[in-house]
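Read-outs throughout are calculated quantities, based only on the coordinates presented, and are distinct from any laboratory measurement. All values derive from a computational prediction rather than experimental measurement. All Cβ positions, glycine included, derive from the backbone under ideal geometry; neighbour counts span all protein chains shown.
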Amino acid sequence: MQTLAGRKAFITGASAGIGAAIARSLSAAGAHVVLAARRSDRIQELAGQLEGAQAVALDVRDADAVRAAIEAAQPDLVVAGAGLALGTDSLQDGDPADWSVVLDTNVKGVLHVLRGALPGLIEAEGGDVVLLGSVAGRQVYPGGNVYNASKFAVRALYEAMRLDAGGHGIRFTTVDPGMVESEFSLVRMRGDAGKAESVYKGMQALTPEDVADAVLFAVSRPAHVNIGEIVLWPTDQSSTRDVHRS
């Protein structure tokens, strides 16, 4: 494993779950981390636990704010981790307002991060860009619809940036996990803890730390090695629709 000492990582969605776990992992490996998320109190608390960390209150839906934050940080390692799902309604019963939040965060938010980060990485002729995808961007499932669409889009953006920004020493990675036990389901179920807990009942889901381990593995390879796509499944999950429960 290559040390991350001297590197600066900019991580969106760092206030909880996978984003926070990635921040801890990269910091422990020697990187200086910049934590970006909407919940300022959460990232301030986490920054206080990590040596030299910075916290930036940021909504990835705000293109100008994202670009300004990345330009100020000048990172050489960028993790686009912000994302969410809202509800499990069918398309015919869905709320267009919810669709806008999901698409603006999961798709346009990633675009804003890429637009802010890629020019500097191209100029520096190197660095890492990691997208937090999902198996939901590889297989659809009932009630997934718009969230599935957003993650299929993230996978397309991963493939597009390899072409658009290739040849400049930058490594591009998408990490696509299956079921991860985190606040994701609590947000999706609109704060209903019972419904959120039932998602993982009788099975062993991935942890945010499992996903963070995959990110660390990818960005700590020798510079000539690009781990492009990592798909993580819980052993109990066979597909987006099939889960073994005891």
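Given the criteria touching a residue at least 24 places away in the same chain (Cβ under 8 Å) and of a type outside the set (S, T, N, Q), does ASP76 qualify?
Working: touching a residue at least 24 places away in the same chain (Cβ under 8 Å): yes; of a type outside the set (S, T, N, Q): yes.
Against the criterion (touching a residue at least 24 places away in the same chain (Cβ under 8 Å) and of a type outside the set (S, T, N, Q)), ASP76 qualifies.
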### Message
Take VAL56 and tell me if it is without any contact (Cβ under 8 Å) to a residue 24 or more places away in the chain, outside any strand (DSSP E or B) and hydrophobic (A, V, I, L, M, F, W, C).
### Response
no
### Task
Identify the residue in segment 1-25 that is part of a loop (DSSP other than H, G, I, E, B) and over 14 Å from the mean Cα position of the chain (by Cα) and, among all such residues, is farthest from ALA124 (Cα to Cα).
MET1
### Query
Are there any pairs with C-beta distances below 6 angstrom linking a residue in segment 235-246 that is without any contact (Cβ under 8 Å) to a residue 60 or more places away in the chain and assigned to a loop (DSSP other than H, G, I, E, B) to a residue that is loosely packed, with under 12 Cβ neighbours inside 10 Å and not basic (Lys, Arg), with the two at least 6 apart or on different chains, and if so which?
ARG245/GLY202; SER246/GLY202
### Message
With the structure loaded, tell me whether ASP104 is touching a residue at least 24 places away in the same chain (Cβ under 8 Å) and surrounded by fewer than 19 Cβ atoms within 10 Å (Cβ to Cβ) or whether it fails that test.
### Response
yes
### Task
Check MET203 against each of (1) crowded, with 16+ Cβ neighbours inside 10 Å; (2) hydrophobic (A, V, I, L, M, F, W, C); (3) closer than 23 Å to VAL101 by Cβ and name the one condition it does not meet.
(3)
### Message
If the requirement is being touching a helix residue (DSSP H, G or I) at 6+ places or on another chain (Cβ under 8 Å) and either touching a residue at least 40 places away in the same chain (Cβ under 8 Å) or under 30 Å from PRO75 (Cβ atoms) (or both), which of these qualifies: GLY143, GLY202, GLY167, GLY178?
### Response
GLY178
## Note on the structure
For ARG115, the lone unmet condition from (1) touching a Ser or Thr at 6+ places or on another chain (Cβ under 9 Å); (2) under 18 Å from ARG171 (Cα atoms) is (1)
### Query
under 27 Å from PRO96 (Cα atoms), of a type in the set (Phe, Trp, Tyr) and more than 19 Å from the chain's Cα centre (by Cα), is that true of TYR147?
no
### Query
For the subset of segment 207-237 comprising residues that are under 15 Å from ILE22 (Cβ atoms) and not hydrophobic (A, V, I, L, M, F, W, C), which member is surrounded by the most Cβ atoms within 10 Å (Cβ to Cβ)?
PRO208
### Query
So is LEU132 closer than 21 Å to ALA63 by Cβ, among the hydrophobic types (A, V, I, L, M, F, W, C), surrounded by fewer than 18 Cβ atoms within 10 Å (Cβ to Cβ) and under 16 Å from the mean Cα position of the chain (by Cα) or not?
no
### Top-ranked residue in segment 203-224 [being in contact with a Leu (Cβ under 8 Å, 6 or more places away or on another chain) and among the β-branched types (Val, Ile, Thr); ranked as farthest from VAL129 (Cα to Cα)]
VAL211
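When segment 26-50 is examined, which residues are found to be part of a helix (DSSP H, G or I) and surrounded by 24 or more Cβ atoms within 10 Å (Cβ to Cβ)?
Within segment 26-50, the first condition is being part of a helix (DSSP H, G or I), and the residues that meet it are 26-28, 40-47.
Those that are part of a helix (DSSP H, G or I) and surrounded by 24 or more Cβ atoms within 10 Å (Cβ to Cβ): LEU26, ILE43.
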### Query
Are there any pairs with C-beta distances below 6 angstrom linking a residue in segment 1-15 that is over 27 Å from VAL107 (Cα atoms) to a residue that is in a loop (DSSP other than H, G, I, E, B), with the two at least 6 apart or on different chains, and if so which?
MET1/SER220; GLN2/SER220; THR3/GLY30; LEU4/ALA29; LEU4/GLY30; LEU4/ALA31; ALA5/GLY30
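Regarding ASN106, is this residue within 18 Å of the chain's Cα centre (by Cα) and under 19 Å from ALA196 (Cα atoms)?
Criteria not met by ASN106.
Taking the options LEU77, LEU91, LEU50, name whichever one is under 19 Å from ALA136 (Cβ atoms) and not hydroxyl-bearing (Ser, Thr, Tyr). Give the derivation first.
Numbers: LEU77 fails: under 19 Å from ALA136 (Cβ atoms); LEU50 fails: under 19 Å from ALA136 (Cβ atoms).
Answer to the selection: LEU91.
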### Query
Any idea which residue in segment 164-187 is surrounded by the fewest Cβ atoms within 10 Å (Cβ to Cβ), counting only those that are within 15 Å of the chain's Cα centre (by Cα) and assigned to a strand (DSSP E or B)?
VAL180
